[in-house]
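Reviewing the structure listed below.
We did not get these values from a lab; they are worked out from the coordinates using the rules stated. Just so it is clear, the model here is predicted, and its values are computed rather than measured. Positions of Cβ are generated from backbone atoms using ideal geometry, with glycine treated the same way; all protein chains shown enter the neighbour counts.
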Amino acid sequence: MRVLAALSGGVDSAVAAARAVDAGHDVVAVHLALASASPSATPGRARGCCTVEDSRDARRAADVIGVPFYVWDLSERFGRDVVDDFVAEYAAGRTPNPCVRCNQKVKFAALADRALALGFDAVATGHYARLEDGPGTATGGRELHRSHDLAKDQSYVLAVLPPQRLATALFPLGTATGKDEVRAEAAARGLALADKPDSTDICFVPDGDTRAWLGARLPESARQPGDVVDTAGRPVGTHDGAAGYTVGQRRGLRLGVPAADGRPRYVLSVSVAERRVVVGSAEDLDVELLSGDGAVWCGPPPEPGQRLGAQVRAHGAELACTVEQVDDDGTVRVRLDQPARGVAPGQLLALYDGTRVVGSATLAAAVRDGVPARA
């Protein structure tokens with residue numbers, strides 16, 4: 001196959017590209033310029049994947065692997081579909097995952113479409129996930145599964161990919177047994193980035209201070225001061241903009257009235273329109289019913305009554321659940337076996353059948369039985 005390998009400048013994508021070459025594919029490497037003025041990283045500090053240093057590292061890796069290398073400017077698409085979406089979601093009081101949107105809108109949409117138009121058969125990335133042949137999918141049996149290394153599994157951020165996108169994806173690291181294996185392989189291949197730290201920050205927030213970064217970009221309506229109230233609606237503090245808070249947050253709350261029981265309080269819900277942040281106890285964060293919209297199914301959609309696993313954070317635990325509702329308009333509702341905490345609207349709800357990714361939806365509400373939705 002003709003394969004376009006996306007090189008981020010990190011060790012994972014470099015080894016993935018090298019493995020694609022070893023598999024006999026005709027590989028061309030491309031680095032995505034996703035910001036018009038990519039910031040420089042602090043030496044030795046793990047951060048995002050949009051720096052000038054990353055571009056140079058990607059070029060050097062392509063030279064070592066022995067494949068052609070190009071830089072494609074997708075900064076306009078990235079700015080519109082990832083950065084602007086990130087700001088808009090926070091302005092609406094939701095908590096988005098920009099890596100999910102980047103995979104959905106940029107790497108496996110804009111990049112993949114351009115690759116196919118140029119005659120490539122697949123796009124290879126350094127994600128830790130597996131593609132397996134199995135019955136019953138619209139791609140003739142292709143299924144997305146968790147990687148062998150569950151500690152590094154990234155199938156969660158790929159759960160937004162429909163069958164037609166999975167058909168042209170390639171994940172050479174899905175069978176890796178751990179990051180140590182990948183780093184050792186990179187060193188053996190002579191790749192200088194074998195010891196490069198993993199990216200951990202949001203790539204377009206240079207210093208990792210998301211709240212300060214948002215403060216300069218949120219619309220004025222989302223930065224209006226208001227009240228912090230308890231579950232009874234009594235004011236217990238103030239804020240400088242509800243959009244700067246997220247469900248489950250404990251730090252940074254300006255509470256002038258201590259809790260009667262002396263226990264810590266957490267953000268339960270955020271309403272930008274009403275300029276209100278509701279706080280309560282850790283137990284008040286418990287939710288059992290999760291509702292999502294904009295569902296994307298990696299194969300056949302689930303059926304009501306089906307038992308599945310649910311994941312609501314990139315590195316969160318899988319939660320046993322039962323599907324209660326699946327509608328043609330893209331809405332889905334599941335009931336968790338055990339309550340979960342800190343689930344926020346805007347996060348991705350990914351559903352699993354064993355290791356197989358069934359699909360995903362964007363969380364619209366997370367509630368307890370008999371408690372009004374805090375969306």
The range 276-375: GluC sites (Glu not before Pro) in DSSP coil with no more than 11 other Cβ atoms inside 10 Å: none
Highest GNM mean-square fluctuation among PRO258, PRO162, PRO304, for the chain with Cα springs under 10 Å, belongs to PRO258
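Could you work out the percent of alpha carbon pairs in the range 238-340 separated by over 25 Å, rounded to a whole number? Walk me through the numbers before you get to the answer.
Details: 1935 of 5253 pairs.
Cα-Cα pairs in the range 238-340 separated by more than 25 Å: 37 percent.
Ranking LEU161, LEU118 by Cβ neighbours within 10 Å, fewest first, what do you get?
Fewest to most other Cβ atoms nearby, the residues stand as LEU118, LEU161.
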On Cα atoms only, tilt of 52-65 relative to the major axis of the chain in degrees: 30 degrees
Check the straight Cα-Cα distances from LYS196 and name the aspartates and glutamates below 20 Å, setting aside those fewer than 8 residues away within the same chain. ASP12, GLU53, ASP54, ASP57, ASP63, ASP149, ASP153, ASP180, GLU181, GLU185, ASP207
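Treat the count of other C-beta atoms within 10 Å as a stand-in for reagent exposure and order LEU150, LEU7 from fewest to most. List each step's numbers first, then the result.
Values: LEU150 11, LEU7 30.
Fewest to most other Cβ atoms nearby, the residues stand as LEU150, LEU7.
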In the range 253-361, the trypsin sites (Lys or Arg not before Pro) that sit in a DSSP loop and have at most 11 other Cβ atoms within 10 Å of their own Cβ are ARG254
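Before rounding to the nearest 500, sum -39500 (n - 2.57) across all DSSP H runs of length at least 4 in the chain and divide by the residue total; then give [θ] at 222 nm in deg cm²/dmol. Spell out each step's value before the answer.
Details: 9 runs with 69 residues, N = 375.
Value at 222 nm, helices only, nearest 500: -5000 deg cm²/dmol.
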